[in-house]
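Peer 1: Pasting in a structure now, in structure tokens, and then I'll have a few things to ask.
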Amino acid sequence: MQNPLVSVIIPVYNRQDFIADAVDSVLAQKYAPFELIVVDDGSTDDTARILSAYKERICVIHQENAGVSAARNRGVRAAAAEWIAFLDSDDYWLSGKLTRQMAWFAANPQMRICQTEEYWIRKKKRVNPGRRHQKQQGHIFKPCLWLCLISPSAVMLHRSLFEQHGGFNEALPACEDYDLWLKITCTEPVGLISTPLIVKQGGHADQLSARPGLDRYRIAAICHVMASGRLSPGQYRAAAAALAEKCRIYAQGCEKRGKRKQAAWYRNLIQDPSAGVSS
């Protein structure tokens, strides 16, 4: 697509059962012009063959397995548009997603990031998100500390905002989205379209969010944003409170597994968050 207004990035690794639905949901969008870039992060299943069937309709980038952050960042580097939208390979969009978001930005020209509401499917059954998962808008840094309230599949943001914060942290094997949203929300308001325009599918074993011990990556992300110098005094206090609680819980888990040195390190981190910047 020449001169696209939106670049859509799908990172994929071994998702032969989902990738066609994700791609089809983007290609079915009526908004134009947009481009679709799929970054195959070293898949070893039938993903590459499935993607080859789309030929000239999408751009496919193949790379050795480097993780979802590297795949998303690679897609953005290849993108031609000023607006970037992401879609996880196990999710899919509903009709009108791109049109609604671009219309929202046209009506709110001061904003650089917006997401939509979503439906949840868990093990092929519709479930309702809990109240604590309810999405918010505006300056949402403090609630984002406790729970990741922005979905990659629902978000669209201006390329300048993505590049301003360095993209996704490729050193984090998980919670990379939590890390980026904290860096963005501490200074940037987030818009919300209250209509569900994506479907998030969960419950399968290979989900990154199903990995054990994810709080250690969230702890690292909080340490990073505390060290950034971007937080107001109130934001810093809120981050310190979230860090203390997450370290306390994670240290308790380490103690139960007999990892006393690791537990002590996380307890000490409460007093010295800078020690977690390089972790």
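Coordinate-derived values only; no laboratory data. Keep in mind that what you see is a predicted model, and the values were worked out from it rather than measured. Note: ideal-geometry Cβ built from the backbone for every residue, glycine included; neighbour counts use all protein chains shown.
Peer 1: Using 7 Å Cα-to-Cβ label points, what is the A227/E255 separation (nm, one decimal)?
Peer 2: Distance between label points: 2.7 nm.
Peer 1: Which of the GluC sites (Glu not before Pro) across the stretch 35-81 are loop residues per DSSP, with 12 or fewer other Cβ within 10 Å?
Peer 2: The qualifying sites are E64.
Peer 1: Mind checking which of L149, L269, Q16 is farthest towards the positive end of the chain's charge dipole, using Cβ charges of +1 (Lys, Arg) and -1 (Asp, Glu) about the Cα centre?
Peer 2: L269
Peer 1: Give me the Kirkwood hydrodynamic radius of the chain, using the inverse of the mean 1/r over all pairs of distinct Cα atoms, in Å to one decimal.
Peer 2: 19.6 Å
Peer 1: Here is a follow-up. Is there a pair in K142/K200; K124/K256; K97/K124 whose C-alpha atoms are over 26 Å apart, and which pairs would that be?
Peer 2: K124/K256
Peer 1: In addition: Mind checking the full-extension length gain between Y119 and L5? Use 0.36 nm per residue of separation minus the Cα-Cα distance, one decimal, nm.
Peer 2: Net length gain for the segment: 38.4 nm.
Peer 1: Looking at the stretch 34-113, which trypsin sites (Lys or Arg not before Pro) are in a loop (DSSP not H, G, I, E or B) and have at most 12 other Cβ atoms within 10 Å?
Peer 2: In loop regions of the stretch 34-113 (DSSP not H, G, I, E or B), there are no sparsely surrounded trypsin sites (Lys or Arg not before Pro).
Peer 1: Identify all lysines with a Cα-Cα distance to K259 below 22 Å; exclude those on the same chain that are fewer than 8 residues away in sequence.
Peer 2: In chain and number order, the partners are K246.
Peer 1: Now, a different point. Would you mind computing, in nm to one decimal, how far apart the modelled labels at N108 and E56 are, each placed 7 Å from Cα along Cα→Cβ?
Peer 2: 3.9 nm
Peer 1: Below 12 angstrom from the Cβ of K261, what's the summed charge of the other residues (Lys, Arg +1; Asp, Glu -1)?
Peer 2: Summing Lys and Arg as +1 and Asp and Glu as -1 gives +3.
Peer 1: Now for a separate question. On average, how much area does the Cα convex hull of the stretch 215-276 cover when viewed from any direction, in nm²?
Peer 2: Averaged projected hull area, Cα only: 3.6 nm².
Peer 1: OK, next. T44: net charge of surrounding residues, Cβ under 12 Å, Lys/Arg +1, Asp/Glu -1, itself excluded?
Peer 2: Residues close to T44 contribute a combined charge of -3.
Peer 1: Taking the alpha-carbon centroid of each part, what is the distance from the stretch 261-275 to the stretch 21-40 in angstrom?
Peer 2: 44 Å
Peer 1: Using a Förster distance of 45 Å, how high is the FRET efficiency between N128 and E163, based on the Cβ-Cβ distance and rounded to 0.05?
Peer 2: Given R0 = 45 Å and the Cβ-Cβ separation, E is 0.80.
Peer 1: Then there is this: Debye calculation, C-alpha points only, no solvent: report log10 I(q)/I(0) for the stretch 33-136 at q = 0.11, 0.22 Å⁻¹, in the same order as the q values.
Peer 2: Scattering profile of the stretch 33-136, log10 relative to I(0): -0.47, -1.33.
Peer 1: Given points 7 Å out from each Cα along the Cα-Cβ axis, report the T187 to Y31 separation in nanometres with one decimal.
Peer 2: Between T187 and Y31, the label points sit 2.5 nm apart.
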